[in-house]
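Take a look at the structure below.
The values are calculated or read from the model by the stated rules, or taken from the named source; none is laboratory data. Note that the coordinates shown come from a computational prediction; the quantities given were computed from them, not determined experimentally. Reconstructed Cβ throughout: ideal geometry from the backbone, glycine too, with neighbour counts over all protein chains shown. Heavy atoms of the whole protein, side chains included, go into the accessibility calculation; ligands, DNA and RNA do not. Shrake-Rupley method; radii C 1.70, N 1.55, O 1.52, S 1.80 Å.
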Amino acid sequence: MMFSIAGQSLEFFMGADKPAKPEQSALTALKSSGLEALIARAGDLAEADRTLRRNLPPALARQCRLVSWDDNRLVFHAAGPVWKNKLRLHSQEVLAAAQLLGLHAREIRIKVALDFTPNTDPMT
């Protein structure tokens, strides 16, 4: 004799048919929706950002973020004008690190972002 409640088996209630974690389900849905290239680009951007900021002094690294790149330019956001100028002083080091990553940028554009939230990532 099979035990069931509202059409569900005992195994269902004990976790045998346990659904995936919500965050995994969301990622799976995004990947199957054709946004996989966008997800990969966002991951590449996050990795490049972490790697490039490791080459900066820690206080500066927390106050800026790589937001995009193309064939010629890296674009950073900075928390304020002082941080923008400090990052500008380190632009050659950042460009050299970008070359090592395979990013062939020749210039850096830095924008002050009024809504910037300083990075608290301990890796920087």
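Can you tell me which residues in segment 4-62 are of a type in the set (Gly, Ala, Ser), open to solvent by 90 Å² or more (accessible area, probe 1.4 Å) and modelled with pLDDT under 65? Walk me through how you get there before you give the answer.
Of segment 4-62, the ones of a type in the set (Gly, Ala, Ser) are 4, 6-7, 9, 15-16, 20, 25-26, 29, 32-34, 37, 40, 42-43, 46, 48, 59, 61.
Among the residues that remain, those that are also open to solvent by 90 Å² or more (accessible area, probe 1.4 Å) are: 6, 32.
Scanning segment 4-62 gives a single hit, ALA6.
Please enumerate the residues belonging to segment 83-93 that are open to solvent by 90 Å² or more (accessible area, probe 1.4 Å) and hydrophobic (A, V, I, L, M, F, W, C).
LEU89
State all residues of segment 94-117 that are in a loop (DSSP other than H, G, I, E, B), open to solvent by less than 30 Å² (accessible area, probe 1.4 Å) and more than 20 Å from ASP44 (Cβ to Cβ); if no residue qualifies, say none. Please lay out each step first, then the result.
Kept after step one, since they are in a loop (DSSP other than H, G, I, E, B), are these residues of segment 94-117: 102-106, 113-117.
Narrowing further to those that are open to solvent by less than 30 Å² (accessible area, probe 1.4 Å): 103, 105, 113, 116.
Passing the criteria: ALA113, PHE116.
Mind listing just one residue for me: the one in segment 63-82 that is part of a loop (DSSP other than H, G, I, E, B) and open to solvent by 50 Å² or more (accessible area, probe 1.4 Å) and, of those, farthest from ALA42 (Cα to Cα)?
Ranking the qualifying residues of segment 63-82, first place goes to ASN72.
Taking the conditions exactly as written (closer than 14 Å to LEU101 by Cα, out of contact with any Cys (no Cβ under 6 Å at 6 or more places or on another chain), without any contact (Cβ under 8 Å) to a residue 24 or more places away in the chain and not polar (S, T, N, Q)), does GLU47 satisfy them or not?
Details: closer than 14 Å to LEU101 by Cα: yes; out of contact with any Cys (no Cβ under 6 Å at 6 or more places or on another chain): yes; without any contact (Cβ under 8 Å) to a residue 24 or more places away in the chain: yes; not polar (S, T, N, Q): yes.
In short, yes.
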